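Written below as structure tokens is the structure these notes are about.
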Amino acid sequence: MFRALYTAASGMQAQQTNLDTIANNLSNSSTAGFSPTIGIIGAVLGLIQVMQHLDKIDEVGKGIAVAFVATLYGVGAANLILLPAAGKLKIRIRDEQIIREMTLEGVVSILEGMNPRMLEEKLLGFLTEAHEPARVAEASRV
């Protein structure tokens, strides 16, 4: 049984390293910051088109419209879609990381022969303040 628990613990450490790498790649919120930059590039290209067609007033209006729409798309995509999605990914990945750390700590503590009551208190320490009301409600039921 101890060999199985040790194997599970060592496998979880390798998986945790992979999860950390994925978390850093996926939830890098600075990546979402590139969207407004692309919008600004679109605006600049639209204004370049306007400068090329200053002699044709009909083309000037179209070029300005393209510039504004490109800016709006870039800023809108960043603030309405990409930044909130990056924030949610960070929260979900952090929650999963806490669960994995708790599991690993529990397995290691079982292997060390820790008292179950002490183990429970040790694992409850992983819970954040957001989980406090549930913890207090559980304690009052016992």
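The values are calculated or read from the model by the stated rules, or taken from the named source; none is laboratory data. All figures in this text were calculated on a predicted structure; none of them were measured in a lab. With ideal geometry, Cβ positions are generated from the backbone for all residues, glycine too; neighbour counts draw on all protein chains shown.
Before moving on, here are some points about what is shown:
- Condition met for LEU89 (part of a loop (DSSP other than H, G, I, E, B) and modelled with pLDDT under 85): no
- The set of residues in region 68-104 that are among the polar types (S, T, N, Q) and within 23 Å of PHE126 (Cα to Cα) comprises GLN97, THR103.
- Extreme residue, nearest to PHE34 (Cα to Cα), among residues of region 80-124 that are among the small types (Gly, Ala, Ser) and free of Cβ contacts under 8 Å to residues at least 24 places away in the same chain: GLY106
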